[in-house]
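The values are calculated or read from the model by the stated rules, or taken from the named source; none is laboratory data. Just so we're clear, the structure is a prediction, and the values are computed from it rather than from any experiment. Glycine also receives a Cβ, built like all others from the backbone with ideal geometry; neighbour counts cover every protein chain displayed. Quick note on the areas: whole protein, heavy atoms, side chains included, nothing else; ligands and nucleic acids left out. Shrake-Rupley method; radii C 1.70, N 1.55, O 1.52, S 1.80 Å.
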Amino acid sequence: MRREPSIMHLDLDAFFAAVEQRDKPSLRGRPVVVGGTGGRGVVATASYEARAYGARSAMPTAEARRICPPGTAFLGGRFAAYRRTSDVVMALLRELSPLVEPVSIDEAYVDLAAGDHDLSVPGVTALALDLKARIAVATGGVTGSVGIGTSKSLAKIGSELNKPDGLTVVPAGSELDVLHPLPVRSLGGVGPATAERLAQVKVKTIGDLHRLSLVDLTTLVGQAHGTGLYRLARADDDRAVITDREAKSVSAEETFARDLTDPSRLSAELDALAGRVGSRLQRSGTSGRTVTLKVRRYDFTTLTRSLTLPQPVDDARQIAEVARRLLGAVDRSGGLRLLGVGVSGLSPYAQGDLFAEALQETVDGPTEVTEEPEPVPADPAPGPAVVAWHPGQDVVHAERGAGWVWGSGLNRVTVRFEGPRTAPGPVRTLRADDPDLQPADPPDWTTP
């Protein structure tokens, strides 16, 4: 471990939702859920107001709609707006050090030792407070949580301890004091199945994990996984901050406490894994053409099956459908111990396809209309199909100016006309084929 807390981890708070609340003043302080808005969509990010009701990433949107109160905004994603804000933040990090490792669009490690900084606890605390203030100003109010420690794992855990808008510095020599009271799930690599297996031997905290011998731990969860957890429980992490980190694939897997044979349970597990993979792809702004299924059978034989698609995907529903097709060709007799889903052949995501769905259904408006709405236009005469507007989309009207789609359906579109620097704006319902209404680029939050 390092002798000073010189590795920083920054995690922007509820990033997608925070950008939406910044650009849409009527949503500030309200629950916001960003992700797939259709019947089989998946949550990418939930604001802290929505998390208070139980909404979380990778949850089916239908479940989030059920548990969140009326007035919750369910929005499709706007990757261009997120990328623009992320670029501003990453530029601020590179002012601190030449060694910055972006993990995703809203998360990065910084090696402070590579810059000219006071690495004492007061020194890095003052540096982090200044950074957080500069991020809030430069992004129009988006906040981030910072952890600083002697290793990447300590910095990452520190950034999670006091969210949102938090700051935790773990001084050298106090790593185990910080780690040991925490739930074992705080460690990277401990998912639900591993946590359940550890709980069976009364391991619930990292301190409990620390008391297990290496032999016991590798017997319990496997050689590679057990060795990694053994080191992390002792704050033994010498990974460097790497500036040219480029993922070749994104994957998620789960080892089950009992072999699974039930088709419906296996299908549900694939949906959950695909949701995790899709969320990570969307957060990093990438998509991939090759979907891979990993299976470990009851006898510990491991198989992989892959399918390369004509077009890149990041949609959890599509990933799950391909994974189910691949699973159908695998012998499941005797049960499965592990399932994994991955996407490779990554490339930058094509703008406009983020959370793309055929949103023809009527979407409930996400906020209350307090002003008197204009009369709803009469049904349009039969004609060519109209544009499928999606909730949250940026638009501009020739007479009314800039706004965003509040809801759509039945050949109508409802728009709230407002922007980052305006007061909450009026809501108006227009014909979906109104020639004066056009898609627009994200608003510039820096312009008064």
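Here are the numbers:
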quantity: Of all residues making up segment 108-129, the number that are closer than 18 Å to Lys156 by Cβ, part of a helix (DSSP H, G or I) and open to solvent by less than 20 Å² (accessible area, probe 1.4 Å); calculated: 3
quantity: Residue list for segment 421-431, restricted to those being open to solvent by less than 20 Å² (accessible area, probe 1.4 Å) and in contact (Cβ under 8 Å) with a residue 60 or more places away in the chain; calculated: Gly425, Val427
quantity: Segment 218-238, residues that are of a type outside the set (A, V, I, L, M), open to solvent by 30 Å² or more (accessible area, probe 1.4 Å), in contact with a Ser or Thr (Cβ under 8 Å, 6 or more places away or on another chain) and not in a loop (DSSP other than H, G, I, E, B); calculated: His225, Thr227, Tyr230
quantity: Hits in segment 58-79 (condition: open to solvent by 50 Å² or more (accessible area, probe 1.4 Å) and within 22 Å of Val415 (Cα to Cα)); calculated: Arg65, Pro70
quantity: Residues that are in contact with a strand residue (DSSP E or B) (Cβ under 6 Å, 6 or more places away or on another chain) and modelled with pLDDT under 90, drawn from segment 317-333; calculated: Val330
quantity: Among (1) at pLDDT 85 or above; (2) assigned to a helix (DSSP H, G or I) - the single one Gly288 does not satisfy; calculated: (2)
quantity: Residues that are under 11 Å from His397 (Cβ atoms) and assigned to a loop (DSSP other than H, G, I, E, B), drawn from segment 419-443; calculated: Asp434, Pro435, Asp436, Ala440
quantity: Selection status of Glu175, acidic (Asp, Glu), loosely packed, with under 14 Cβ neighbours inside 10 Å and more than 30 Å from Val137 (Cβ to Cβ); calculated: no
quantity: Residue in segment 80-92 that is aromatic (Phe, Trp, Tyr), under 30 Å from Asp111 (Cα atoms) and open to solvent by less than 10 Å² (accessible area, probe 1.4 Å) present; calculated: yes
quantity: Residues of segment 204-217 that turn out to be touching a strand residue (DSSP E or B) at 6+ places or on another chain (Cβ under 9 Å) and part of a helix (DSSP H, G or I), as a count; calculated: 1
quantity: Candidate set from segment 140-167 (those that are part of a loop (DSSP other than H, G, I, E, B) and open to solvent by 10 Å² or more (accessible area, probe 1.4 Å)); member that is farthest from Gln21 (Cα to Cα); calculated: Asn162
quantity: Test for Ala80: is it small (Gly, Ala, Ser), modelled with pLDDT under 95 and closer than 22 Å to Gly144 by Cα; calculated: yes
quantity: Number of the exception - Arg258 against (1) part of a strand (DSSP E or B); (2) open to solvent by less than 80 Å² (accessible area, probe 1.4 Å); calculated: (2)
quantity: Filter result (part of a helix (DSSP H, G or I) and farther than 26 Å from Leu131 by Cα) within segment 168-203; calculated: Leu176, Asp177, Val184, Arg185, Pro192, Ala193, Thr194, Ala195, Glu196, Arg197, Leu198, Ala199
quantity: One residue from Ala128, Ala91, Ala138, Ala108 being over 23 Å from Gly285 (Cβ atoms) and either free of Cβ contacts under 8 Å to residues at least 24 places away in the same chain or of a type in the set (Gly, Ala, Ser) (or both); calculated: Ala128
